[in-house]
Amino acid sequence: MTEEAMEAEEARTSGAAGNSGMAGNSGAAREESGVAEAPPTARAAAPAEDPAEDPAADPISLRGATATLGGRPVLRGIDLTVRRGEVVALLGANGSGKSTAVRSIVGQVPLSGGELTLFGIPRRRFRDWARIGYVPQRTTAASGVPATVREVVSAGRLARRRFGPPRKADRAAVQRALELVGMADRARDPVSALSGGQHQRVLIARALAGEPELLIMDEPMAGVDLASQEILAGTLREQVAGGSTVLLVLHELGPLEPLIDRAVVLRDGCVVHDGPPPKAVGQHALPGHDHVHPHAAPDAEPIRTGLLT
Ligand SMILES: Nc1ncnc2c1ncn2[C@@H]1O[C@H](COP(=O)(O)OP(=O)(O)OP(=O)(O)O)[C@@H](O)[C@H]1O
């Protein structure tokens with residue numbers, strides 16, 4: 001087992017990675033539950049600055065990353081760099097390893113080999129999860145625990161808070177996040193009363209409430225109607241204008257296309273393209289691969305994504 005793998009295993013069993021206070025989702029332990037579990041305050045409030053940090057270091061640098069799930073190699077030597085202020089799309093067919101790659105970045109999947117640094121700090125030493133907002137692949141904000149939209153979004157602020165009740169700045173950040181995704185008028189509603197697309201907007205607001213420097217979103221547009229997609233694209237535009245760095249897992253660029261600086265395409269756990277976003281990606285792309293969205297209705301038309309084969 002590599003040092004990275006041991007670190008992840010230790011984190012998994014001790015709850016460190018899962019409860020490290022990651023803005024938005026706060027890691028593995030809370031991915032499914034959404035809001036129910038708060039990170040231990042001591043960890044969330046731990047001093048995070050690394051004196052050795054290079055301010056120009058890339059937010060994400062993955063080198064030769066390998067990962068195995070269920071006995072099968074899923075990442076087979078991936079290099080992925082996301083520079084400050086960049087918006088990078090991670091593309092690829094179903095099962096190519098996109099989610100696994102981002103889950104390894106946020107500490108939910110152990111790497112079996114390779115190197116990962118976050119803001120120039122080796123993953124095993126990185127503690128400052130408040131700098132990273134993560135929106136997992138489509139999940140629900142409801143967790144069986146009654147919670148309002150505002151409460152869910154407030155959970156994304158926990159990593160930024162010190163001991164004690166929310167301060168004015170915390171409340172303002174939550175309100176701003178709600179407004180950014182167009183959910184301020186639903187703040188008092190129970191999340192159980194939301195549609196799928198609205199859930200997604202709430203989860204994105206939860207990540208934004210932490211005011212992360214790096215935003216990682218796994219298929220943020222999945223199952224979101226066109227009107228909501230436009231709202232989310234506008235939200236992202238604002239984040240990018242404010243200097244945020246963004247890594248997006250996408251099936252097609254869609255309304256986000258104008259924002260994307262670079263695309264990395266995975267195939268079978270390997271990088272097959274790293275450069276300008278492929279123009280052909282989309283519903284009318286080159287003939288080739290039929291990409292069926294995992295959450296699509298059984299009779300849904302496959303999306304043809306020529307460069308994603
Ligand atoms: N927990 C797991 N155990 C075993 N295999 C897994 C697990 N999670 C994912 N896999 C496998 O790893 C491979 C990559 O999955 P991953 O979810 O990373 O792909 P993806 O590119 O995000 O796909 P999609 O576009 O369908 O979301 C798939 O073959 C998948 O079946």
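Of all residues in the range 48-72, those that are loosely packed, with under 15 Cβ neighbours inside 10 Å and within 16 Å of the ligand (Cβ to nearest atom) total 4.
Residue count for the range 108-164 satisfying the condition of being closer than 27 Å to Ser61 by Cα and at pLDDT below 85: 6.
Do we find a residue being within 13 Å of the ligand (Cβ to nearest atom), part of a helix (DSSP H, G or I), in contact with an Asp or Glu (Cβ under 6 Å, 6 or more places away or on another chain) and of a type in the set (A, V, I, L, M) anywhere in the range 100-107? Yes; the residues of the range 100-107 include at least one that is within 13 Å of the ligand (Cβ to nearest atom), part of a helix (DSSP H, G or I), in contact with an Asp or Glu (Cβ under 6 Å, 6 or more places away or on another chain) and of a type in the set (A, V, I, L, M). Can we say Glu219 is within 29 Å of Gly92 (Cβ to Cβ), modelled with pLDDT under 85, charged (D, E, K, R) and in contact with a strand residue (DSSP E or B) (Cβ under 9 Å, 6 or more places away or on another chain)? For Glu219, the condition - within 29 Å of Gly92 (Cβ to Cβ), modelled with pLDDT under 85, charged (D, E, K, R) and in contact with a strand residue (DSSP E or B) (Cβ under 9 Å, 6 or more places away or on another chain) - is not met.
Quick one: is Leu247 in a strand (DSSP E or B) and either within 14 Å of the ligand (Cβ to nearest atom) or modelled with pLDDT under 50 (or both)? Walk me through it before giving the result.
Values: in a strand (DSSP E or B): yes; either within 14 Å of the ligand (Cβ to nearest atom) or modelled with pLDDT under 50 (or both): yes.
Answer is yes for this residue.
In the range 73-99, which residue that is at positive phi and surrounded by fewer than 17 Cβ atoms within 10 Å (Cβ to Cβ) is nearest to the ligand (Cβ to nearest atom)? So the residue we want is Gly95.
The values are calculated or read from the model by the stated rules, or taken from the named source; none is laboratory data. Remember, it's a predicted structure, so these values are computed and weren't measured experimentally. Counting neighbours? That spans all protein chains shown, and the Cβs are built from the backbone with ideal geometry, glycine included.
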